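Worksheet: the structure to be examined is printed underneath.
The values are calculated or read from the model by the stated rules, or taken from the named source; none is laboratory data. These figures come from a predicted structure and were not determined experimentally. So basically every Cβ, Gly included, is an ideal-geometry build from the backbone, and we count neighbours across all protein chains shown.
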Amino acid sequence: MTSSNKFTGYLVSIESKNVFYQGVINLIDSQNAVIQLKNCFQNGISLGSKVVDIKTNEIENIEILADPMNAATLLKPITPEEKIEEPVSNTIPNRSQINNNKYKQKNVSPNNRRNYQNGYSEDCFNSPNEDSIEDDFDFEKNLALFDKNAFYEKMEGHPRQSKTNLTFNESSASIKKLEEQTQTRYHQISLDNLFSSVKKQPETKPSINTSASINGLSINKNYRFDEMILDTGEPINLRQIQLPSNYSNSKNYVTDDGFVIPCVDLDLRESLIKQSYKFGFNKTRQIECMGRCCTEMCLHLLGGSVRFLPKNNHQKPSILVLANNNSMQGVYALCASRLLSIRAVKIYLLILKSNDEDCVEFRNEFNFFMSNYDSLTTVILNSVNDLNNIKSLDLILNGLDSFEATSCLANKIKNQNNLQILRKYVLNCKASVLSIDPSINSENNVLQSKWCITPVLPMEMLSSSGRVYLCDFGYTKQIFESVNIKYQSPFGAKFVIPLHAD
């Protein structure tokens, strides 16, 4: 290929079939009759660093604008013309002219002010001489600099099938450097039996041995981040609660963590509660604890903290609380209604009497409730007929059940009409029911519930009681040992935990 370098570097302007080019001659190929331009403008638009080949037979007119010395200067974009200053008169203006000039300076038009301010930034906002836009970034080439497959092989201990062929040597060097840093970091660990319980990779799979022995400690690095487990190596006892040897139970529950919770009968649980009185856990303390757990359960079912945000004040939750005046379940419900009302929950309280006289615990709790009634958001319903005045409900807290036949509402003939009205209302309002410590006898249960909450240790609940939740009374080991129960708390960081059928 022959070329002429005589005009190389000259700034030219070429007209070719309604297309105008302006640029610096980079190459003249006389054999192929081609002129190559760089730093080219096409119809006034910069082409950046691209070169343009123009055939000589397409050129209609060509004009040399500057030699190589002046080409760079002429390629600078043309800036607006500078303002032409008016000639200053040598004569001294009179007083009226001075006042007029001052007035004009103070009242500069917005357009003149804008032009005056933008005059200093023309060079800043004008297009550059050479466009800074380059070719598209090659993501695949940049991604190949890090050999992920080789890195995962180091972590997993076996080769991975590569989807692309990586030919960059930097990947192996970076992996080697990372391995040295990891080795140095593991040298600083001095825990006993670190990673002793982590399983090794099967021998059938090929693996890269990166284990090290430091002060007698075996450290294996062939595990992913979700397999790094610090363990004591001791087996976990899932049966932390053991009943007396002469006691036999037919059903167990399991927590979310896998701990086994055995079921007890009513006699064993009542004897456990009576023993707690000797250790200072009186009825008032236990009522408050059960009421708090019921409150926590209700708040969880209502939607948690999101339901009580300031932006949701227009839809405050409402709960219907049903209380038996002669059972501990009714006392628990009354205590929970007080705690829920403090948290701006709309409470509708309906008390159904199984006996004409209230039990001592209910009377004391009700008196305490009424002493704070003025500061509570509670509406006391006089009868079941007032239920129709309730516009909407989110939850029904059922405290009508009882273990004693004398205080069981379901066995009272005089209450059958009220119970039928209540059951019909619960069925129509479609609000879910949370029962407090329901009876294990289906005949004693007033309502069918979706959830139930029971204290201390569960009994063998019926399917009509719904999902079972266990409440923590805070009993110590000494209280359980007094009735020959070996106990380790399964609650962890919670006061209420769900139970699942074993």
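In table form, for the structure just shown:
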| quantity | calculated |
| --- | --- |
| Tally of residues being assigned to a loop (DSSP other than H, G, I, E, B) and among the aliphatic types (A, V, I, L, M) across segment 441-491 | 9 |
| Within segment 440-493, considering residues that are more than 27 Å from ASN246 (Cβ to Cβ) and β-branched (Val, Ile, Thr), the one surrounded by the fewest Cβ atoms within 10 Å (Cβ to Cβ) | VAL446 |
| Residues within segment 416-440 that are touching a residue at least 24 places away in the same chain (Cβ under 8 Å), of a type outside the set (S, T, N, Q) and part of a helix (DSSP H, G or I), tallied | 7 |
| Count of segment 374-396 residues which are in contact with a helix residue (DSSP H, G or I) (Cβ under 9 Å, 6 or more places away or on another chain) and modelled with pLDDT under 85 | 3 |
| Selection from segment 303-336 of residues that are surrounded by fewer than 19 Cβ atoms within 10 Å (Cβ to Cβ) and on the phi < 0 side of the Ramachandran plot | SER305, VAL306, ARG307, PHE308, LEU309, PRO310, LYS311, ASN312, ASN313, HIS314, GLN315, LYS316 |
| Residue within segment 411-433 that is under 41 Å from the mean Cα position of the chain (by Cα) and polar (S, T, N, Q) present | yes |
| Scope segment 6-59; condition β-branched (Val, Ile, Thr) and within 23 Å of ASP136 (Cα to Cα); matching residues | ILE45, VAL51, VAL52 |
| Residue in segment 338-350 that is assigned to a helix (DSSP H, G or I), assigned by TED's automatic domain parsing to the domain that holds SER449, farther than 19 Å from LYS391 by Cβ and of a type in the set (D, E, K, R) present | yes |
| Pairs with Cβ under 6 Å, 6+ apart, first in segment 460-472 and touching a residue at least 60 places away in the same chain (Cβ under 8 Å) and assigned by TED's automatic domain parsing to the domain that holds ASN445, second basic (Lys, Arg) and buried (at least 16 other Cβ atoms within 10 Å of the Cβ) | none |
| Of all residues making up segment 407-430, the number that are under 25 Å from PRO498 (Cα atoms) and surrounded by fewer than 18 Cβ atoms within 10 Å (Cβ to Cβ) | 1 |
| Failed item in (1) within 17 Å of CYS293 (Cα to Cα); (2) buried (at least 22 other Cβ atoms within 10 Å of the Cβ), with LEU339 passing the rest | (2) |
